[in-house]
Amino acid sequence: MKSTEKEKQYIYIVQALLEPSKCKIGITKNLEKRLKSYNNMTGVSKENSYEYLYTCEVKDMKQVEKDIKQKFYKYREYKDKEIYFHNPLLFGDYVDFIKEHNMFIEEIFIKKVVPKQITKIVKKTTPTLEERGITPKDIMQTAQKADDDEFYTRYEDIEKEIEMYDKRIWKDKCVFCNCDDAVGNDERNTSAFASYFLRNFDRLKLKTLICTHYGDGLDIFHQGGKGYVFTRYGFSDIEDYEKLKVYPKKYTGSFDDPISLKILNEEADIVCTNPPFSKSIEYWNILIESKKKFLIISNIANPITKAYIPYFKNNQVWAGYHSVDVFLNPKWEITESAGHWYTNFRVKDRPKYKNLKIIPLKKIPEKYKRYDDKKILLVDKCYIPSDYKKPFAVSNRSILNGVLEKGYEIIDNNPSYIAQINGKEKFRRVLIQKIEK
Ligand SMILES: C[S@@+](CC[C@H](N)C(=O)[O-])C[C@H]1O[C@@H](n2cnc3c(N)ncnc32)[C@H](O)[C@@H]1O
């Protein structure tokens, strides 16, 4: 190396295969050589090889190392060694801290934690209402009765949505995750909502996180048949999450159990979860009555249901930024369904506006506009007439894409509008109208 050439400096997190509860966070100027030296260490069996979990380049490795020691001193196994406790949540905290450090240059490698057994895409039969034009009799009844509750949210979908909002909304708040948001000692036994808020507890400056486990359902998180309440209040160095749980007598963990309701009404500031689709309306009514802030995932059809329409009409509720089409099923396989975020936090500059095609009526292609038996205009594919003065009917998609923020309003509190064509009930829609200036 030329004397003028500056040597690169790296931070790494390395782990021995047989010791998943620990990791070493170290510094080096040669990642390859360092890993080799770990694997050549005398006394270490071949099966117990070392691998990098994370590597990145930094400007001043000693400074970053010093700051890591200071920040995570409670997670060090021995005071004189850079061995830290490891679980997926802690690992996320270490990585976030390094990436946010002002000496951080770039990430080189991060080991992805992929749920095992993700082998195939299971197509769900959840109807896409708009495209299929399902009759009203079919829609909600079938959807509500179906045993479609076992859709587990992926961490990345939660992160993607939450990162869209101003971080300050979480400051000093008590977050309540109340639909089987179990907390176990590793990621497979923890709902992604719980994982997200545990990992980001300090960054979001949360006051409290309360998660409840539903004891009556499928025990996908291996948390047993008893309902419990998990509470993390402020800074916590407790690693065994079991110590933060209480199992009240006769507590089911249901969102409508008296204990859950008491938490909701007396402690929670923000509710954040993915409630069971089949109980989405019961859940909604309880949530709305509580007057709490919320960010939840539910069925894409909800904006055209009786329960949701009045709140959309009065601008008290909005679709969140993203749809959620991919979930995990109880076998931890990727599965598809039609979910969307809903919130009563103000949604700004929605990227989905671009899906709306607001143009003069005569420019809307014929196949996407028609009139029903009552001579009400029905528009599809998110075409919106910009020059039409009368009420017209749109599908849930237009609401999800933010048409109500673009100068249109729902015209009444009717449950929804059922279009009839040639005497037959055809489509469930909602009637909107351009707001007169
Ligand atoms: C759509 S899944 C979501 C689970 C978890 N919140 C997530 O996002 O991964 C809904 C969960 O709620 C559970 N559940 C069903 N009825 C419930 C109730 N009354 N109270 C609380 N949870 C319930 C189901 O068993 C299921 O695990």
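The values are calculated or read from the model by the stated rules, or taken from the named source; none is laboratory data. Fair warning: this is a prediction, and the values are worked out from it, not measured in the lab. Backbone-built Cβ (ideal geometry, glycine too); neighbour counts: all protein chains shown.
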Could you tell me whether GLY217 is touching a residue at least 12 places away in the same chain (Cβ under 8 Å), outside any helix (DSSP H, G or I), out of contact with any strand residue (DSSP E or B) (no Cβ under 7 Å at 6 or more places or on another chain) and within 9 Å of the ligand (Cβ to nearest atom)? yes
Does region 151-172 hold any residues that are without any contact (Cβ under 8 Å) to a residue 12 or more places away in the chain and either among the aliphatic types (A, V, I, L, M) or outside any helix (DSSP H, G or I) (or both), and which are they? GLU163, ASP166
When restricted to PRO275, PRO248, the only residue surrounded by 14 or more Cβ atoms within 10 Å (Cβ to Cβ), more than 30 Å from LYS22 (Cα to Cα), touching a helix residue (DSSP H, G or I) at 6+ places or on another chain (Cβ under 6 Å) and free of Cβ contacts under 8 Å to residues at least 60 places away in the same chain is PRO248
Would you tally the residues in region 183-198 being surrounded by 21 or more Cβ atoms within 10 Å (Cβ to Cβ) and over 19 Å from PHE294 (Cα atoms)? 2
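To keep it simple, each residue is scored yes or no on (1) small (Gly, Ala, Ser); (2) at pLDDT 90 or above; (3) in contact with a strand residue (DSSP E or B) (Cβ under 7 Å, 6 or more places away or on another chain).
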residue: LYS2; (1), (2), (3): no, no, no
residue: VAL14; (1), (2), (3): no, yes, yes
residue: ILE25; (1), (2), (3): no, yes, yes
residue: LYS29; (1), (2), (3): no, yes, yes
residue: SER49; (1), (2), (3): yes, no, no
residue: MET61; (1), (2), (3): no, yes, yes
residue: TYR75; (1), (2), (3): no, no, yes
Name, by its number, the condition in (1) closer than 19 Å to LEU17 by Cα; (2) modelled with pLDDT under 75; (3) within 20 Å of the chain's Cα centre (by Cα); (4) surrounded by 16 or more Cβ atoms within 10 Å (Cβ to Cβ) that does not hold for VAL114. (4)
Answer yes if at least one residue in region 227-240 is under 23 Å from LYS71 (Cα atoms), more than 13 Å from the ligand (Cβ to nearest atom) and hydrophobic (A, V, I, L, M, F, W, C), and no otherwise. yes
Do we have LEU204 as in the same structural domain as LYS243 (by TED's automatic domain parsing) and either within 10 Å of the ligand (Cβ to nearest atom) or under 17 Å from ASN274 (Cα atoms) (or both) here? no
Considering each of LYS171, LYS167 in turn, give the residue that is touching a Lys or Arg at 6+ places or on another chain (Cβ under 6 Å), more than 16 Å from the ligand (Cβ to nearest atom), modelled with pLDDT of 95 or more and assigned by TED's automatic domain parsing to the domain that holds SER280. LYS171
On the basis of being at pLDDT below 90 and either within 18 Å of HIS86 (Cβ to Cβ) or within 31 Å of the chain's Cα centre (by Cα) (or both), does GLU19 make the cut? yes
Applying the selection to region 135-150, what residues are part of a loop (DSSP other than H, G, I, E, B) and either surrounded by fewer than 15 Cβ atoms within 10 Å (Cβ to Cβ) or at pLDDT 95 or above (or both)? THR135, LYS137, ASP138, ALA146, ASP147
Mind listing just one residue for me: the one in region 173-209 that is among the basic types (Lys, Arg) and not in a loop (DSSP other than H, G, I, E, B) and, of those, nearest to THR153 (Cα to Cα)? ARG188
Looking only at residues in region 241-291 that are within 16 Å of PHE197 (Cα to Cα) and part of a loop (DSSP other than H, G, I, E, B), which one is farthest from the ligand (Cβ to nearest atom)? ASP269
